[in-house]
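> The structure under discussion is supplied below as structure tokens; questions concerning it will follow.
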Amino acid sequence: MVDERELPHVSSAVVAVRPERLQDVLRQIECMPGTEVPAWQHSRLVVVFEAVSSGDVAARLARIADMDGVVAANMVFEHAEPQKSSGA
């Protein structure tokens, strides 16, 4: 059985931000390792990130939700991919 903690996780979230804090929140999110903001419109951001576990996903989302100016941060998608074996 595969240990879920060893699977790479790819996740996305939609983050609503107060318009006057948009640039600051964008900078903070983009400084987080393995995290990017591929799109935003008005004061809503699409955030995509990679993590090593579901716990890391939850922690990262909570960290974003706690940023000054963030109104809401909602998980949209999470996928855990088994590591490919390099054996023959």
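The values are calculated or read from the model by the stated rules, or taken from the named source; none is laboratory data. Here the structure is a predicted model, which is why all the values come from computation and not from measurement. We place every Cβ from the backbone using ideal geometry, glycine too, and count neighbours over all the protein chains shown.
> Just the residues that are outside any helix (DSSP H, G or I) and modelled with pLDDT of 85 or more, please, taken from the stretch 52-69. Write out each step before concluding.
Restricting attention to the stretch 52-69, the residues satisfying the condition of being outside any helix (DSSP H, G or I) are 52-53, 66-69.
Those that are outside any helix (DSSP H, G or I) and modelled with pLDDT of 85 or more: ASP66, MET67, ASP68, GLY69.
> Residue check: is VAL47 surrounded by 15 or more Cβ atoms within 10 Å (Cβ to Cβ), more than 20 Å from VAL10 (Cβ to Cβ), at pLDDT 95 or above and not small (Gly, Ala, Ser)? Step through it out loud before you land on a result.
Working: surrounded by 15 or more Cβ atoms within 10 Å (Cβ to Cβ): yes; more than 20 Å from VAL10 (Cβ to Cβ): no; at pLDDT 95 or above: yes; not small (Gly, Ala, Ser): yes.
So VAL47 fails the test.
> If you don't mind, another one. Keeping to the stretch 70-88, report how many residues are buried (at least 16 other Cβ atoms within 10 Å of the Cβ) and at pLDDT 95 or above.
Of the residues in the stretch 70-88, 2 are buried (at least 16 other Cβ atoms within 10 Å of the Cβ) and at pLDDT 95 or above.
> Any idea how many residues of the stretch 18-44 are assigned to a helix (DSSP H, G or I), surrounded by 13 or more Cβ atoms within 10 Å (Cβ to Cβ) and without any contact (Cβ under 8 Å) to a residue 24 or more places away in the chain?
Of the stretch 18-44, the ones assigned to a helix (DSSP H, G or I) are 19-30.
With the extra rule that they be surrounded by 13 or more Cβ atoms within 10 Å (Cβ to Cβ), the set shrinks to 21-22, 24-26, 28-29.
Still in the running and without any contact (Cβ under 8 Å) to a residue 24 or more places away in the chain: 26.
Number of matching residues: 1.
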